[in-house]
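The block underneath contains the structure these notes are about, expressed in C-alpha cells.
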Amino acid sequence: MNNGENCKRRRKEGFTADEDDGENDDSCSSGRETKKKDLNGILTSLILLDEQEKRDREERNDAFKEEKSVMESSHTKGTRTMLEFHSNLNDYYSKIDEADRVKRKKSRVKAATVVATASNHAADDGNGKSGSGQQRRLWVKDRSNAWWDECNRPDYPEEEFKKAFRMSKSTFDLICDELNAVIAKEDTTLRNAIPVKQRVAVCIWRLATGEPLRLVSKRFGLGISTCHKLVLEVCSAIRNVLMPKYLQWPDEDSLRKIKQQFEGISGIPNAVGSMYTTHIPIIAPKISVAAYFNKRHTERNQKTSYSITVQGVVDPTGVFTDVCIGWPGSMTDDQVLEKSALFQRAKNGGLLNGVWVVGNSGYPLMDWVLVPYNQQHLTWTQHAFNEKIGEIQKVAKEAFGRLKGRWCCLQKRTEVKLQDLPVVLGACCVLHNICEMKKEGIDPELNIEVIDDEMVAEDGLRSVSSLKARDAIAHNLLHHGLA
C-alpha cells in the first residue's frame, strides 16, 4: 500500500495524535513529490522526443528541397541546352540560305556579264569580223540525272515507278497536266528550262521519301537550292490549283451518299464526316517556342518534341473533305477545332444543321459534333454506342495513317521552314485525295498507325439537346439490334 493510501486511511480512522499527524503529513508530501517528479520526467521525455522528431522532419524537408532543386536545375539546364542546340541549328541553316542567296546574286551578275560579252561578240561578227555565229551559254555544274531519265522512260516498270512516287504513271501524268499551265517555264539564252514532269517529280519524290535536299539533288541532277525552290513552287501550285478541285466540302448529293455509307458502317444516322487531329514534328522555332512544345509526345517518347497540328474530316473512303493546318502543337483538339474555318462556318452559316461530324473524346459534344461517352462507369447502352461510334472514328485514324505512310516527310522533322510548312502539308493532303480517288493502293509496309494522345475536352458538353440526341441514338442502336 503506498503512502497516499496510508494517509487517507489514517485520516478516515481518526488518528489525531500529534506524532501520528506529523508522520502522515510527511508521508503524503513525499508521495506527491515523487508523483510530481515522475510526471515531470515523462513530460520532459515527450518534449525531447517531439523536438527530435521536429529536427528530423526539418532535415528530411531540407534534403528533399535540395534534391528537388538539383533536379529542377538539371531539367532547366537540359532544356536550355536543347533550345540552344535548336537555335544554333536554325542559325546554321540561315547562314546556308544567306550564302546561297549571295552565291545566286554573284551568278546573276556573272551571267549578265557573259550576256553582255556575247552581245558584243555578236555585234562584232555582224560588222564583218570572223566568228562561228554560235550562242554563248552560261556554264553550269555538270550533274547526272540518269536516275530520272530512267524513271521517265515509257517502258519503265509500273511497280518501280509507284514504289518511288507512291502513285501510278497515269495519276502522275494527270497531276502534270493539271499543273502544266502554272509551273511550266520557257527556255532562256542562258539555260534550258526544267521540264514540267521533272519539276513535279522532284516535289513528289521529296514528299514521298522525306529524304534531305542533298539526296534529292543527286537523284535529279539539280542544285540543292533549285530542288528546294521547286518543292515549294509545286506545293504552292497544288494548293492553289488542285485543292479547290480535289479537297472540298461535299454537295447535297454527295452528303446523302456519305450518310448512307456511314450508317451502313455503324448504324449511326446523319453522320457526314469522321474527324481527327494529328501532330507533325518540327524543329524548335525561334519565336514562340513554348507554343509549339508538345508535352504529351515529349512525356511518352522521353524526347523533347515540337509540332504543329493537322485537323482533318474524311468521308467513308478516307478522302479529306476539310482540313485545318498549322496551329501550334501545345493546343488541344478542342482548341484547334474552335480555330478552324469549319467551326466558324458551322457557327455562322448553319452548314451542319441536322448532321453529325464524329470525333473522339478530345472534342466537345455539340449540336453538330458527336463524341463517345467518357465517364468512368458506362451502362450497357453507352458501351455499345461507344463501340459503334468507334467504327466511324477508325475511318479518320486509318486515313491519317495512310497519309503519313504515303508521304514520309510527315513522319520526321523536315528542312522546310515553319512559315512554308502549311503549304507543304496542304499539298500532301491534296495528293492523298487524288491517290484515294484514283484507287491507288498503298504498300502495307508503308502504312503506319498514328499515335496521338487524346485529352478529354475541359468543357465536354456544349449543348443539352445534343446530349439527349446522343442518348436517343444509343437507345436505338441497342434496342433495334444494331449494336
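The values are calculated or read from the model by the stated rules, or taken from the named source; none is laboratory data. Bear in mind the structure is a predicted one, so any value in this text is a computation, not a measurement. Note that we place each Cβ from the backbone using ideal geometry, even for glycine, and neighbour counts take in every protein chain shown. Calculation scope for accessible area: heavy atoms of the full protein, side chains included, ligands and nucleic acids excluded. Shrake-Rupley method; radii C 1.70, N 1.55, O 1.52, S 1.80 Å.
Count charges around Glu211 for me, please; just the other residues with Cβ under 13 Å from its Cβ, Lys/Arg as +1, Asp/Glu as -1. Cβ neighbours under 13 Å give a net charge of +4. Coupling constants for the range 245-255 follow from the phi torsions by the Karplus curve (6.51 cos²θ - 1.76 cosθ + 1.60, θ = phi - 60°), and in residue order they are 9, 10, 9, 8, 5, x, 7, 4, 5, 5, 4 Hz; glycine and proline get x. The apolar share of the surface of the range 387-483, taken as the fraction of accessible area on carbon and sulfur atoms (1.4 Å probe, ligands and nucleic acids excluded), comes to 50 percent.
For Ala99, what is the net charge nearby, where nearby means another residue's Cβ is under 12 Å from its Cβ and Lys, Arg count +1, Asp, Glu -1? Here the count lands on +3. When you count the other C-beta atoms within 10 angstrom of each residue and take the mean per peptide, 48-61, 226-239, 465-478 line up highest first as 226-239, 465-478, 48-61. When you count the other C-beta atoms within 10 angstrom of each residue and take the mean per peptide, 205-211, 154-160 line up highest first as 205-211, 154-160. Looking at the range 145-244, the accessible area is 48 square angstrom per residue; that uses a 1.4 Å probe and ignores ligands, DNA and RNA. Taking a ≥ b ≥ c as the square roots of the Cα gyration tensor eigenvalues, with a/c under 1.5 meaning rounded and otherwise prolate when a/b beats b/c, else oblate, which class fits the range 145-244? Rounded.
Using the Cβ of Ser340 as centre and a radius below 12 Å, the other residues enclosed give a net charge of -1, where K and R count +1 and D and E count -1. Ligands, DNA and RNA left out, the 1.4 Å accessible surface of the range 145-244 is 50% carbon and sulfur atoms.
Applying a threshold of 28 Å to the alpha-carbon distances of Lys106/Lys404; Lys105/Lys412; Lys162/Lys295; Lys65/Lys303; Lys197/Lys218 flags Lys106/Lys404; Lys105/Lys412; Lys162/Lys295 as lying beyond it.
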